[in-house]
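Worksheet: one structure, shown below.
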Amino acid sequence: AEGKPPIYSGKWARASEEEVEAELAKGTPFAVRFRVPQDELVTIQDSIRGEVTWNTNTLGDFIIMRSNGLPVYNFCVAVDDADMRISHVVRAEEHLPNTLRQVLIYNALGLTPPQFAHCSLILAPDRSKLSKRHGATSVGEFEDEGYLSEALMNYLALLGWNDGTEQEIFSKEELVDKFSLERITKSAAIFDKQKLNWMNSQYIRQLDQQALGAMLARLWQQQGFLKEGSGDGEEVMPKFVEIFQEALITLNQSVDEFNTLLQYPLASTLESKKAKKCIEGGFFDVAKYIVDSYFVSGEFKELVETNPEGFKDWMKAAGKEMGKKGKDLFLPMRICMTGCMQGPDVGDQVFLVNKAEPLIASDDLVSFADRMALLRQLTEEHSKSTVEVTTNA
């Protein structure tokens, strides 16, 4: 009724020898209990919580071996830790109630208890106990989501601990050098996924480009994003890393970023209100130039297939020929090539899309040939509608 844990009544602790022998003779199953001394105070110096004291009257005799002959956790862990000469036990505050039982066992066996340190729980943003409903809860799950082990270790170390400075990024060596139990706080830490994301992005940015490329290649192979026989995707990986390293929050995001780049939402972009000014400013003049250069003269088609790195020079020359420059040239070119009004450098996207077709297994991939075919179709439809409007006028 008072919310206190039940305490063993002590019936068999006070039983006579005759009563005990009678039950044993009948084959009655029995457990072995630890006789707890009464009216004593047990005190430990917890490295995090300071002095913690219990009154033994709150406990009662507790089981150390069940009726099936198996010893219980608190007895096993005390004996095992003593046998292994464990010097420090660092664990969650949930284990504080176990500590009284374990210290009593240590004392009864004439053993020296280890130094205890009970950390506060890690809570979810709503201050409830962290669980699967809040997302990944195991190291393996975080790895599957594309988090780097170094970033996760760094972030977890800062949940309830700091070195007394404003520093947030620590190498493993720095953590080993600076970490101390005394700097762990008593208050519960809040698991902030956004902060973890930020930290992971910082670690990704610090990676050598070649090392990041190797990580992404392994990931893409595991997810089937790289076609079999494509090796490490060396045709596209250096350029992809160059473009997206600063933007990646997790490694898994790389697949989404590449898939977005491989799409060609030209029709929906042209139907949007944002594209209206560009269309009125001569979009289809640029589109027709590109279509003619690809399908009629073949100049642009040859460039894309043999020298996509030369796209920027070709675009400048095209601008001079059309008498267009600045936004009047670059935005229509971007929309024609990528189907979008914004994104990474257009020349880089042309390069990646061209190189991706034989390497990348993606349902989102619209090849450059298909892009140009769609652009020609829309250009012809626009030209036809313009002629009809003029004729009707």
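The values are calculated or read from the model by the stated rules, or taken from the named source; none is laboratory data. Note that the coordinates shown come from a computational prediction; the quantities given were computed from them, not determined experimentally. Quick reminder, even Gly has a Cβ in these numbers, built from the backbone with ideal geometry, and neighbours come from all protein chains shown. All accessible areas refer to the heavy atoms of the entire protein, side chains included, with ligands and DNA or RNA removed. Shrake-Rupley method; radii C 1.70, N 1.55, O 1.52, S 1.80 Å.
When its C-alpha radius of gyration is set against 2.2 N^0.38 Å (N residues), region 59-203 gives a value of 1.28. Note on region 8-73: Rg/Rh from Cα positions, Kirkwood definition for Rh, rounded to two decimals, is 1.12.
Scaled against the 2.2 N^0.38 Å expected of a compact globular protein of N residues, the Cα radius of gyration of region 137-243 reads 1.30. Our compactness index for region 211-259, the C-alpha radius of gyration over the empirical 2.2 N^0.38 Å, is 1.01.
The packing ranking, built from the mean of other Cβ atoms within 10 Å per residue, places the peptides 15-27, 372-384, 210-222 in the order 210-222, 372-384, 15-27, highest first. Around the amide H of L226, modelled in the peptide plane, lie the amide H atoms of Q221, A361, all under 5 Å away and 5 or more residues distant in sequence or on another chain. Within the chain, DSSP assigns beta bridges of which about 65% are antiparallel (rounded to the nearest 5). Rounded to whole numbers, the Karplus 3J(HN,Hα) couplings from phi for region 191-196 are 7, 9, 5, 5, 5, 4 Hz, using 6.51 cos²θ - 1.76 cosθ + 1.60 with θ = phi - 60°, and x at Gly and Pro. Using Cβ point charges alone (K and R +1, D and E -1), the dipole size of the chain about the Cα centre works out to roughly 980 debye. With 0.36 nm allotted per residue and the present C-alpha distance subtracted, the A92-V176 stretch has 28.2 nm of extension available.
Across region 316-360, the fraction of Cα-Cα pairs farther apart than 15 Å, rounded to a whole number, is 48%.
In this simple spin-label approximation, S138 and D208 carry label points 7 Å from Cα along the Cα→Cβ vector, and these lie 3.3 nm apart.
Computed with the Debye formula from one identical point scatterer per Cα of region 189-299, without solvent, the log10 of I(q)/I(0) at q = 0.18, 0.24 Å⁻¹ comes to -0.95, -1.21. When the chain is treated as a GNM with alpha-carbon contacts under 10 Å, the residue of F34, F300, F284 showing the greatest mean-square fluctuation is F34. Counting 0.36 nm for each residue step from S268 to R14 and taking away their Cα separation leaves a gain of 82.9 nm. Which residues in region 51-79 have a backbone N closer than 12 Å to a point placed 7 Å from the Cα of L111 along the Cα-to-Cβ line? It comes to 74-79, nothing else. Amide H contacts of R33 (H built 1.01 Å from N, in plane; Pro and chain starts excluded): I64 sit under 5 Å, all sequence-distant by 5 or more or on other chains. Relative to the longest principal axis of the Cα atoms of the chain, the long axis of helix 96-108 makes an angle of roughly 40 degrees. Keeping all protein chains in place, calculate the accessible area per residue for the chain (probe 1.4 angstrom), answer in Å². Per-residue value: 58 Å². Once you sort the root eigenvalues of the Cα gyration tensor of region 249-393 as a ≥ b ≥ c, which label holds: rounded (a/c under 1.5), prolate (a/b larger than b/c) or oblate (the other case)? Since a/c reaches 1.5 and a/b is larger than b/c, the shape of region 249-393 is classed as prolate. Here the accessible area is traced with a 1.4 Å probe on the protein chains. For the chain, carbon and sulfur cover 51 percent of it.
Computing Cα extents along the principal axes in Å for the structure here picks out one of (i) 117, 48, 44; (ii) 99, 50, 33; (iii) 82, 55, 42, namely (i).
Rounded to the nearest 20 debye, the dipole magnitude of region 264-393 is 580 debye, with +1 charges on Lys and Arg beta carbons, -1 on Asp and Glu beta carbons, and the Cα centre as origin.
Restricting the trypsin sites (Lys or Arg not before Pro) of region 127-200 to loop positions (DSSP other than H, G, I, E, B) with no more than 15 neighbouring Cβ atoms within 10 Å leaves R127, K186.
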